[in-house]
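As structure tokens, the structure follows; a few thoughts come after it.
Derivation of every value follows stated rules applied to the coordinates shown; laboratory data play no part. Just so we're clear, the structure is a prediction, and the values are computed from it rather than from any experiment. Neighbour counts are summed over all protein chains in view; Cβ atoms, including those assigned to glycine, are modelled from backbone coordinates with ideal geometry.
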């Protein structure tokens, strides 16, 4: 294995493979959920050449490895495959004690990252494809409604439309249930017949005359079912899977092994889907809509200031791994509002980091630092800022602060211009595709976005030349 030597040194530094409860990764980080976090030897981990940084936040040990993280993760999985499925009582006791010490916020961030991390790459990829389709339509290279357009639209829309199925898988995995049950629950929520039923004549309307007036299209044992469109939704399936996992665990303890293989999934699926449609789905959808409107209202109160603050702080949030809360907000807004005006304010952050690192690369005489900077700038331009942050700016401190300020300036411009994100995607130059309105094509907000990123990049360079003189010559690095 390519990274065997590195893993042989890494595992003892985190308390051994027996100390790992969960392991997954994002674009640049190996994320480990440990039974006992006190066993982590950060000094040893940071001494490994492949490790850019070590962060213990949100109940996780996050080891920043850069683009090679997927390969390292695959090799780690081969090693962890030898672990017994059931840990001993002492391990379980340590885990329970650590869980008690966790704050609610850490548990929430851990949940969001576990649910979204496995699908983020594909979510971003389909977002980029959708952006390219919008670009082709806006430039009249592709004719709207043509066969080519329809096929490409299927490619770009398929994942986000059926995202409840994929989130059903990751949610059930996180909650300790059977993953395919989660997928079945997600599939039920986007079952094609639902749209057919809702296009027909309603039986009656409940809560008439109130803001909560809802048409009823079918009943279950006399109980009205409030059907809604769950395509592209995220919250209903997560909550439903939480209950499903607990129902499954309860049934596993009470049903004989003779019937367990079919009785447990049959009962769990039936009860969960009915609960999902009758109670959980409508309430979760209402809460999702309210959440999106609340953040939208706060952002509209002063979009310029909100954009500046978001741009200023988003890179710090990435460092501590708490940016996952914003990922959830973004995906939720795209599902409920069909656009997101909030997280797009962070698009300029990659350009702020790149501008600062460019100055350092030009000023330093250290060959190793020059090579690190060059690779980090290219990475940032395509939306991955971790090499800039952990490889250069954070260890020099002031450049990171200056990059954040420059990012805030870009975010303020994006907020002031009322820029909206119409599908999920990456940062960097491909991020410009996200703001092209699929219906109207190019408008002033697209130009404003590009200007904001350029201003952020130039501002970072100017700030570094004025305030960063003491750290640009990093010959000792």
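Taking 7 Å steps out from each Cα toward its Cβ at residue 219 and residue 79 produces label points 6.1 nm apart. Annotation: extensible slack from residue 309 through residue 9 equals 104.0 nm (criterion: 0.36 nm per residue apart, minus Cα-Cα distance).
Put the Cα centre of the stretch 203-254 next to the Cα centre of the stretch 355-427 and the gap is 44 Å.
Extension gain for residue 208-residue 71 works out to 43.6 nm (0.36 nm per residue, less the C-alpha to C-alpha distance). Packing-based ranking of 163-172, 117-126 yields 163-172, 117-126, ordered from highest to lowest mean Cβ neighbour count within 10 Å. Extent along the principal axes, Cα only, for the stretch 188-283: 51, 25, 24 Å, with the longest axis given first.
The relative contact order of the chain, computed from alpha carbon pairs under 8 Å that lie at least 6 residues apart in sequence, is 14 percent. Here are some values of semi-axes √(5λ) of the Cα gyration tensor in Å: (i) 78, 28, 18; (ii) 33, 25, 23; (iii) 39, 32, 19. Which one was computed from this structure? Read-out taken from this structure: (iii). Measuring from a point 7 Å past the Cα of residue 42 along Cα-to-C-beta, which residues in the stretch 377-395 have an amide N at less than 14 Å? Counting only backbone N, you get 395.
Rounded to the nearest 500, the helix-only mean residue ellipticity at 222 nm of the chain stands at -20000 deg cm²/dmol, with each DSSP H run of n ≥ 4 adding -39,500 (n - 2.57). Sorted on the mean count of surrounding Cβ atoms within 10 Å across their residues, most packed first, peptides 141-147, 47-53, 332-338 read 332-338, 47-53, 141-147.
Note on residue 439 and residue 246: with the Förster distance fixed at 45 Å, the Cβ-Cβ geometry gives a FRET efficiency of about 0.60. Note: relative contact order over the stretch 162-298, using C-alpha pairs below 8 Å and six or more positions apart, is 26 percent. Hey, what did the stretch 215-288 get for relative contact order, percent, Cα under 8 Å, at least 6 apart? The normalised contact order for the stretch 215-288 reaches 40 percent.
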